[in-house]
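Step one of this worksheet: look at the structure below.
The values are calculated or read from the model by the stated rules, or taken from the named source; none is laboratory data. Remember, it's a predicted structure, so these values are computed and weren't measured experimentally. Please note: Cβ atoms are built from the backbone with ideal geometry, for glycine as well, and neighbour counts cover all protein chains shown. Accessible surface is based on the protein model in full, side chains and every heavy atom, while ligands, DNA and RNA are left aside. Shrake-Rupley method; radii C 1.70, N 1.55, O 1.52, S 1.80 Å.
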Amino acid sequence: MSRTEGLTTVQRVSAAAGAGRRRQDEVYRAGVYGHRPRVPVTSRALQARAKQALNARAYAYVAGGAGDEVTQRSNRTAFDKWAVVPRVLRDVSNRDTSVELFGRTLPGPVLLGPVGALELVHREADLAVARAAAAEAVPMVFSNQASVSMEECAAVMGDSPRWFQLYWSTSDELVESLISRAEKAGCDALVVTLDTTMLGWRPRDLDLGHLPFALGKGIAQYTSDPVFRRLVEERAAAAGAPRDPQPRPTLSAVRALVGMARAWPGSLTDNLRSPLPRAAVETFLSIYSRPSITWADLAWLRSRTRLPIVLKGVLHPDDARRALDEGVDGLVVSTHGGRQVDRSISALDALPGVVNAVFDRAPVLLDSGVRSGADVFTAVALGARAVLLGRPFAWGLALDGERGVRQVVSDVLGEFDLTLGLTGHTAIDQLSPEVLTRVG
Ligand SMILES: Cc1cc2nc3c(=O)[nH]c(=O)nc-3n(C[C@H](O)[C@H](O)[C@H](O)COP(=O)(O)O)c2cc1C
C-alpha cells in the first residue's frame, strides 16, 4: 500500500481510478513471495479474527447491537433482496469511481463513519484511523466519542477531508465550543447524530456491566474542550470532599480510577490524587446527550455554523422532507449499526423512500451494514451518494492499526471499482435502481 505515499490529496484521488486491478496486482504479486494480505479480505473473516484478538468487553462493545440484534441482521439481509443484472460488451477499460461531496472530489463513494471509543481496540485509536483515511484520501468522520481529540487527528491529515459528528449535549455552550473547534480543525461538514438521544438497550454490554465512557474511555473530545473542563472544575468544587464513607475499592474500581486519571490532561500521578478525572466522567454522563431536542432546535444550530449540516439516523421519508425544509444540507440513512432500536427498518430498506422524498435536493448517504464493494454498488444504485463504513474498519484497526484500516478501505474501493466495470459501467452517475432487480 505504498503507491500513494508522498502524493497530494488530488493525486491520491486520481490514483484511485482502476483501484480494483491495482489492489489485485498488489496482492497477487506479494503472494508470489509468500506474503498474504495482513488482514482478511472478507468482512466475516475480518470480524472472526478481530474477535480472537480483542478482549471480551472490547469485542462486545463493537460487535453488539440493541436487543436481540434483529436490526443488525436486517441491515445485512436487506442487501440480499437486491441483485445486479450485469451488462456485457461495453468498453469498461477506463473507469471513474470518484464522487463529489460538499465541494470535494472523493476517490470513491466511501467515508469512514464516526466510531467512538476506539482505544478499546487499538492503542493508537483515532490517530491511526486519521492517518489511514488521509493516506487513502477518504474522509474520516471524527466521532464525538473519540479517544483522540479532533485537533490531534486533524494534525496528521494534511489537507485530507474530515467531518465532525456531534452528539447534542444538554450544554449549549459545549455544543458551540465543539462546533467552533470542528470549524478550526478544517472539518467540511457537521454530522448530527439523532438516533442516540439516549443509549440503546445493548444486552452484550449490559451482561458485562461495561460502558467505556464510565471508565473514561471515548471522552477525549470532552476532556480536550475548554468549556467541558470548566464544567468539570465547577462540578468538583461544588461536590467538595466526599461525605459518605467510600466503599472498599475492588481491583476493578482501582483500574477504573486509573483509566479515568489517564483520560484527564496532566500527569497520571497528579490525576490519581485529584477529584477532576472522576468529576469529568460524571459530568460527561450527565450532559452528553439531550433527549428533548426537536425540529425547533435546528434553527439554533444552523445559526451557529457555516458548515453543511448532515443529519444522521433519518429513516422516515417525512423526516427527510422536513429536514430539507429546515435547511439541512444532507442526510445519513442509518440505524446506527442496529445499536439503538431493535426490530427497526433496516437502513437499506429505508433508503429508496428517503431518496424519493429528498428528490435530488441534497445528498443522501447510507450507513449500517456496508461490508464490501458490492454493497457500496447496491447502495449507490439505490440512490446513495456515498456510504459510511463502520465496524469493518474498526476490525481492521484492531488487527493491524493504520495498515489494517488502509487495507479495509482499499479492499472495499477495489471491489467497488471492479463491480462497476464488470457490470458494464464506467462511472457512478450511470448507476440507478434500473441496474438492479428485486430478488427477495
Ligand atoms: C463501536 C461503535 C461505536 C460507534 N460510535 C459512534 C459515535 O460515536 N457516533 C455515531 O454517530 N455513531 C457511532 N457508531 C455508529 C456508526 O457510525 C455507524 O452508524 C455504524 O457502525 C454502522 O453500522 P455497521 O458498522 O454495522 O455498518 C458507532 C458504532 C460502533 C460499532
Report summary line: Output for the stretch 98-173 (equivalent-ellipsoid semi-axes, sqrt of 5λ from the C-alpha gyration tensor, Å, descending) is 21, 16, 11
Requested in this report: Find the centroid of the Cα atoms in the stretch 265-340 and in the stretch 58-105, then give the distance between the two in whole Å.
Outcome: 25 Å
Query raised in the report: Of PRO203, PHE213, ILE179, which is farthest along the charge dipole of the stretch 179-239 in the positive direction, counting Lys and Arg as +1 and Asp and Glu as -1 at C-beta?
Result: PHE213
Report summary line: Tilt, helix 251-263 to longest principal axis of the chain (alpha-carbon atoms), in degrees rounded to tens, equals 70 degrees
Query raised in the report: Does the stretch 361-423 come out rounded, prolate or oblate by the C-alpha gyration tensor, with a ≥ b ≥ c the root eigenvalues, rounded set by a/c under 1.5 and, if not, prolate when a/b is larger than b/c and oblate if not?
Result: oblate
Query raised in the report: Taking H as built 1.01 Å from N, whose amide H comes closer than 5 Å to the amide H of PHE142, not counting residues under 5 places away?
Result: TRP163, PHE164, GLN165
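Place a +1 charge on the Cβ of each Lys and Arg in the stretch 8-151 and a -1 charge on the Cβ of each Asp and Glu, then give the dipole magnitude about the Cα centre in debye, rounded to the nearest 20.
On the way: 20 positive and 13 negative charges, 120 e Å.
The calculated dipole for the stretch 8-151 is roughly 580 debye.
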Query raised in the report: Name the residues of the stretch 374-417 whose amide N is less than 17 Å from a point 7 angstrom out from the Cα of ARG104 along the C-beta direction?
Result: 385-390, 406, 409-410, 413
Query raised in the report: Taking N as the number of residues in the stretch 166-293, what is its alpha-carbon radius of gyration divided by 2.2 N^0.38 Å?
Result: 1.13
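As a test of the definition: which semi-axes, in Å, follow for the stretch 250-324 when you take the square root of five times each eigenvalue of its alpha carbon gyration tensor? Largest first, please.
Working: eigenvalues 312, 44, 23 Å².
The equivalent ellipsoid of the stretch 250-324 has semi-axes of 39, 15, 11 Å.
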Report summary line: Relative to the compact-globule estimate 2.2 N^0.38 Å (N residues), the Cα gyration radius of the chain stands at a ratio of 0.98
Report summary line: Amide H contacts under 5 Å for LYS312, restricted to residues at least 5 apart in sequence or on another chain and with H modeled in the peptide plane, are VAL192, THR193, LEU194, VAL332
Report task. Quote the FRET efficiency, to the nearest 0.05, computed for ASP360 versus GLN52 with a Förster distance R0 of 51 Å and r equal to the Cβ-Cβ distance. Result -> 0.65
Query raised in the report: If you build the Cα gyration tensor of the stretch 75-203 and take the root of 5 times each eigenvalue, what three semi-axes come out, in whole angstrom, biggest first?
Result: 31, 21, 15
**Report entry** J(HN,Hα) series, the stretch 306-314, from Karplus relation 6.51 cos²θ - 1.76 cosθ + 1.60, nearest Hz, glycine and proline x
**Finding:** 8, 6, x, 9, 10, 8, 9, x, 8
Query raised in the report: For helix 391-422, what angle does its Cα long axis make with the longest principal axis of the chain, in degrees from 0 to 90 and rounded to 10?
Result: 20 degrees
Report summary line: Here the stretch 329-337 yields Karplus 3J(HN,Hα) values (6.51, -1.76, 1.60; θ = phi - 60°; whole Hz; Gly and Pro given as x) of 9, x, 10, 10, 6, 7, 10, 6, x
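Out of all DSSP beta bridges with both ends in the stretch 87-201, state the antiparallel percent to the nearest 5. Walk me through the intermediate numbers first.
On the way: 3 of 10 bridges.
Restricted to the stretch 87-201, the bridges split so that about 30 percent are antiparallel.
Between SER267 and HIS316, what is 0.36 nm times their sequence separation minus the Cα-Cα distance? Round to one decimal in nm. Intermediate results must be reported in sequence, preceding the final value.
On the way: separation 49, 0.36 × 49 = 17.64 nm, distance 4.80 nm.
Answer, rounded to one decimal: 12.8 nm.
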Query raised in the report: Which residues' amide hydrogens lie under 5 Å from the amide hydrogen of VAL387, considering only partners 5 or more residues apart or on another chain, with H built in the peptide plane?
Result: VAL110, LEU111, LEU366
Report summary line: If unit charges are put on Cβ atoms (+1 for Lys and Arg, -1 for Asp and Glu) and the dipole of the chain is taken about its Cα centre, the option from VAL192, GLN407, VAL115 lying farthest towards the positive end turns out to be GLN407
Report task. Quick one: angle between helix 43-53 and the longest Cα principal axis of the chain, in degrees between 0 and 90, rounded to 10, please. Result -> 30 degrees
Requested in this report: Just grab the label-to-label distance for LEU285 and SER432, each label 7 Å out from Cα along the Cβ direction, in nm (one decimal).
Outcome: 5.4 nm
**Report entry** For the chain, calculated [θ]222 nm from helices alone, where every DSSP H run of n ≥ 4 adds -39500 (n - 2.57)
**Finding:** -14000 deg cm²/dmol
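How big is the charge dipole of the stretch 316-430 about its Cα centre, in debye rounded to the nearest 20, if each Lys and Arg gets +1 on its Cβ and each Asp and Glu gets -1 on its Cβ? Write out the running numbers ahead of the final one.
On the way: 10 positive and 16 negative charges, 41 e Å.
Roughly 200 debye for the stretch 316-430.
Please give the length that would be gained between SER252 and VAL85 if that part of the chain were fully extended, namely 0.36 nm times their separation in residues minus their C-alpha to C-alpha distance (nm, one decimal). Don't skip to the end; give the middle numbers.
Numbers: separation 167, 0.36 × 167 = 60.12 nm, distance 5.53 nm.
The span from SER252 to VAL85 would gain 54.6 nm if fully extended.
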Query raised in the report: Under a point spin-label approximation (7 Å from Cα along Cα-to-Cβ), what is the ALA299-SER180 distance to one decimal in nm?
Result: 2.3 nm
Query raised in the report: Roughly how many debye, to the nearest 20, is the charge dipole of the chain about its Cα centre, given +1 on each Lys and Arg Cβ, -1 on each Asp and Glu Cβ, and no other charges?
Result: 1120 debye
Query raised in the report: Where only protein heavy atoms count, and the probe is 1.4 Å, what is the accessible area per residue for the stretch 67-141 in Å²?
Result: 41 Å²
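Based on the Kirkwood radius over alpha-carbon pairs, what is the Stokes-Einstein translational diffusion coefficient of the stretch 310-431 at 20 °C with 1.002 mPa s viscosity, in µm²/s? Show your work: numbers first, answer last.
Values: Rh = 15.0 Å.
The estimated diffusion coefficient comes to 142 µm²/s.
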